[in-house]
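**Student:** Can you read through this structure? Questions will come right after.
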Amino acid sequence: MNLSDRNLAARLAAATLVSILAAALSGCTPNAADTPNAATGGGSSDATRLSGTVTVFAAASLKEPFTRLAAEFERRNPGATVMLSFAGSSDLATQISQGAPADVFASADTRNMDRLSEASLIDGKVTNFATNVLGIAVPPDNPASVSSFADLARPGVKVVVCASQVPCGAAADRIEKATGTSLRPVSEESSVTDVLGKVTSGQADAGLVYVTDVKSAGTKVNGIRIPEAENAVNVYPIAAIEGGRHQELAAAFIALVEGSDGQKMLKDAGFGAPANPRGSSGQ
């Protein structure tokens, strides 16, 4: 073989080696379409895995489904932790406006979310993700023989409601006005779970709570439907908080709530779907 032939052979061998290496490297590189995206609340690869703690302030009536959602979020993102804080929506909005370190706010009404939007404390859009209505919770033996909303106004019936500034209290006020019924509660509570507690502990004959609270209480109470409550539906919005320390985690948690898995958990807990689930823009 002369020098020219040997040079040609060397060049062919080098080209073959480059082709083999390129093929091997391309086989090791994941296709972007096949890589799960943590920002949608799904699973995550090593490159996109979320980590850190996201703090979620949520209405007390969301305790059961949001506890499940937090566990699911942590399962999908092993490096992440969800810190949940439950209370009346008005109390939570006040805490956030005073600088409480929340990343996400889920309210039981639009009024308290609007308070934060008007104060420029909402980051991005507000999404309505669920609805709820009031029902009557009574002890299993129903000592006051309550069977309707009007029965709550009978003399001697010990009824407990939420305070008017709390979403469940505002809904009760709307039902009172719509029916012309005036209640004389023995107690006004700062959250719907406190109302339920008064009933389950035997301190009240009846309490106005959400139908989801009746469902979650199981055999501890009996539920009585209020047809008039359909005219006082509470819409639940969710949004990220302006200046939150973990914006990527907040967006991912909200995406889980909005997604099909989150909506199924909420439905299983008795919540209804909102009429306008895409929500509106925050300030």
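**Student:** Scanning for something acidic (D, E), surrounded by 17 or more Cβ atoms within 10 Å (Cβ to Cβ) and touching a residue at least 60 places away in the same chain (Cβ under 8 Å), does the stretch 262-283 turn up at least one residue? Give the derivation first.
**Tutor:** Filtering the stretch 262-283 for residues acidic (D, E) gives 268.
Then keep just the ones that are surrounded by 17 or more Cβ atoms within 10 Å (Cβ to Cβ); that gives none.
No, because not a single residue in the stretch 262-283 is acidic (D, E), surrounded by 17 or more Cβ atoms within 10 Å (Cβ to Cβ) and touching a residue at least 60 places away in the same chain (Cβ under 8 Å).
**Student:** So S201 fits all but one of (1) closer than 23 Å to A87 by Cβ; (2) touching a residue at least 12 places away in the same chain (Cβ under 8 Å); what number is the exception?
**Tutor:** Here S201 clears every test but (2).
**Student:** Something else now. Output yes when any residue across the stretch 170-187 is among the hydroxyl-bearing types (S, T, Y) and under 18 Å from F86 (Cβ atoms), and no when none is.
**Tutor:** no
**Student:** Tell me the strands (runs of 3 or more DSSP E) entirely within the stretch 129-229 that contain at least 1 residues that are buried (at least 21 other Cβ atoms within 10 Å of the Cβ). Let's see the steps before the verdict.
**Tutor:** Details: elements: 134-138, 159-162, 187-189, 206-210, 222-224.
The strands (runs of 3 or more DSSP E) meeting that bar are 134-138, 159-162, 187-189, 206-210.
**Student:** Quick one: how many residues across the stretch 49-68 are in contact with a helix residue (DSSP H, G or I) (Cβ under 6 Å, 6 or more places away or on another chain) and either part of a helix (DSSP H, G or I) or within 22 Å of M113 (Cβ to Cβ) (or both)?
**Tutor:** 9
**Student:** Identify, from the list A250, A239, A206, the residue that is in contact with a helix residue (DSSP H, G or I) (Cβ under 8 Å, 6 or more places away or on another chain) and over 24 Å from D141 (Cα atoms). Give the steps one after another, and end with the answer.
**Tutor:** Values: A250 fails: in contact with a helix residue (DSSP H, G or I) (Cβ under 8 Å, 6 or more places away or on another chain); A206 fails: over 24 Å from D141 (Cα atoms).
Only one candidate qualifies: A239.
**Student:** For the stretch 230-255, which positions are crowded, with 23+ Cβ neighbours inside 10 Å and in a helix (DSSP H, G or I)?
**Tutor:** Passing the criteria: L249, A250, A252, F253, I254.
None of the figures in this text is laboratory data; all of them are computed from the coordinates on show. Values in this document were obtained by computation on a predicted structure and should not be read as measured data. So basically every Cβ, Gly included, is an ideal-geometry build from the backbone, and we count neighbours across all protein chains shown.
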